Every structure is written in structure tokens, then in C-alpha cells.
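The values are calculated or read from the model by the stated rules, or taken from the named source; none is laboratory data. Predicted, not measured: the structure shown is a model, and the values here were computed from it. Backbone-built Cβ (ideal geometry, glycine too); neighbour counts: all protein chains shown. For accessibility, only protein heavy atoms count, side chains too; no ligands or nucleic acids. Shrake-Rupley method; radii C 1.70, N 1.55, O 1.52, S 1.80 Å.
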Amino acid sequence: MNTQHVISASETDFAVRASTLKPIGLGLVIAAIYFAAVPLVFGGSGYVLNVVTTMAVVSFISFGVWLTFAIGRINLAQAGFALIGAYVTAILVSQLGLSFWICLPLSGLVSALLGGLIGWPVLRLKGVYFAMITLCITEACRLAALSFPSITRGAQGIVDLPLPGELSLFGLVIIPAFEKGARLPFFYLAGTLMLLGLWFMWMLDTSRVGAVFRSLRQNEDLASSLGINVAKYRVVAFMISCFYAGVGGAFFAALQQNVYPTSFQVIDSVYFMVYCFVGGLEFVIGPLVGALAMMLSFELLHDFQRYQTVIFSGLMILCILLMPNGILSVIRRRSAKTKEATDA
């Protein structure tokens, strides 16, 4: 038995699971609904557009958490690295005058590099120990933002950030400058990030690297004995996760035009993780489905006022208890039963 056989077998197994969801067709459906149906139906409602925009970006950030689950780690540091990305963009835009379009990927790269430096030693931990360390990382990021007021302006935060300017290439305007009060530009940018993040994560998961990631989740010792550089692949996965967080944090800094040490907290990391659980850890699209289901249910409970959070928390607990493998696993199971009944 060798590494090639293990990875090939894992790839074959995943191909069966991936084909169930028909990812290409599903992606086209998501794109059509997001970019055409939602603006057509709710284009006049700024509130709905804001909710959908937020849903798209939190699902983008949650894709990174899903990836760390794929290597067998519980990641509660995603909010901390999102805060890093938000501050990188805020500082570069407000103090150095750099374009938002340069800061957006740069924030992801900075978060990824810091994630690599931090991840190299801490990824040796497993289970609850790693989860506690990542929780401390999120809190450490918040305290760091408070401790360097000369750079981050402390508790006052960095406010009045300029809106993204136009993006042009060889004199051709690709993206016009965002106007104050306009919600559609951020809506379309959020949707683009969401679909690109989903596409890259699906490509990664169906590749040989994705097969290696899954082998780490199943048995790191066995993977190491077969010649896989376990430490390297763990760090790579964590860096990709941090990149997603940094880009998402930069987006929110531009959307809200401010960033504070409390912009991203531990509770946000918990939510990013729960989105993955609710959607389904077996599926790349799980974070998107989980974010959609949770945010939609929270908004539908808006009329209950002060009881909103209590009812929402109860529904979330029931969802995890009744659907431990996520919403998508229930859909797949019912589809399989329907197919069996039809074939019979």
C-alpha cells in the first residue's frame, strides 16, 4: 500500500459525493439567483440587499473554516484574522492612500502569512487544545488592536474610510467608483467573492491536495508513514483559511467604512463554525447553505423583538440535534430514497 493508492482511493470516493450535488450546475443556479433574481425582486429594498450581501461574505469567510475542518481541526481564529484583514485595509487606505483593489488581496496575503507563522507551531495540537488556542488568537488580535493606538487608533477605531475607487486597466474602466449610499456595487462584489471562493474551494477539494487534506483528517500518523509532509499541508490549509478571513475582513471594512477592535469577536468565529455545521461538513457548499439558513431564520424572527435571540438559539440547537450532518445531508438522503423508489 502506498501514498498514490491512498490518495487515488480518496479521490474516487469524493468524486461520487461531489457528483451528487452537480457543482457546476449548482454554481450556475446560485449565480443566476444572486445576480439576477435578487436584484430584480428586491432591488428597491436596501435592507434586503444588505442582508444578502452580509450573507455572501460571511459564507466566503466560513469556507476557510470548512477547510480547517477538512484537515481535522476546529478553527476559532477566523474572526481574529478577519480583524487583521480589516485593519490592514483600513490603515493602507486611510494612512497611505492605497487603492482598495490593491488592499483587498493584500489583506488576505498578510493574514495568510501571519497564519502560517502562527500555525506552524500551534497546528501540532489537536481537538479541544487547538480550538482553545485559536480562540485565544482571536482575543489576542482584539487586544493588539487596542494596544497600539498610534497605528490602530485604539478603541476609537479607524473611521470615515473612503469608498472603493474605480478599477481600470490600460485606460479601460473595469469597475466604476462606488458611490455613497449605493448598495448594489457592494452586493455584486460580495457575490463575486462568494462564487470565486466556492469555485476555488471546490477545485481544491477535488484535487490531489484536497485528497491529502482528507487523509490528514482520517489519520495523520498513517499519512506521515506514507511519506506525506503532514506539517506542511496543515500549514498550507490554515494559510488558505486565513486568506479567506483577511479578504472578508477587508470587504467589511470598506462596506462599513470603519473598523474597531470589536468589529470581529470570538462569537463571530463561533458563527463561522456553526454555518459549516448547519450546512453540512461533507459538502463544500455547506457554509453557504448554513449561512443562508441561519441568517434567513434570524431575520424572519425579527418581529419577536427581545425574544429573537433566544428563539434563534433554540432553533439552532434543534437543527444541530436533528440534523447532525447538516441540511445538505438530509437533502441528499431524501434524494437517494426518491431515486431508489423510482428505480424500484
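Would you say F186 is assigned to a helix (DSSP H, G or I), farther than 29 Å from Y47 by Cβ, open to solvent by less than 70 Å² (accessible area, probe 1.4 Å) and not β-branched (V, I, T)? Considered against the rule, which asks whether it is assigned to a helix (DSSP H, G or I), farther than 29 Å from Y47 by Cβ, open to solvent by less than 70 Å² (accessible area, probe 1.4 Å) and not β-branched (V, I, T), F186 comes out as no. Considering only residues in the range 137-152 that are in contact with a helix residue (DSSP H, G or I) (Cβ under 9 Å, 6 or more places away or on another chain) and without any contact (Cβ under 8 Å) to a residue 60 or more places away in the chain, the one that is least open to solvent (accessible area, probe 1.4 Å) turns out to be A144. Within the range 10-88, which helices (runs of 4 or more DSSP H) (wholly inside it) include 1 or more residues that are at pLDDT 90 or above, of a type in the set (G, A, S) and within 30 Å of I118 (Cα to Cα)? Ranges flagged: 46-70. Can you find a residue in the range 257-275 that is within 30 Å of S150 (Cα to Cα), in contact with a Lys or Arg (Cβ under 9 Å, 6 or more places away or on another chain) and either among the aliphatic types (A, V, I, L, M) or at pLDDT below 80 (or both)? Yes, there is a match, as at least one residue in the range 257-275 is within 30 Å of S150 (Cα to Cα), in contact with a Lys or Arg (Cβ under 9 Å, 6 or more places away or on another chain) and either among the aliphatic types (A, V, I, L, M) or at pLDDT below 80 (or both). The listed residues are L163, L167, and the only one of them that is open to solvent by 40 Å² or more (accessible area, probe 1.4 Å) and modelled with pLDDT of 90 or more turns out to be L163. Residues that are part of a helix (DSSP H, G or I) and crowded, with 24+ Cβ neighbours inside 10 Å within the range 279-298 comprise G279, G286, P287, L288, G290, A291, listed in sequence order.
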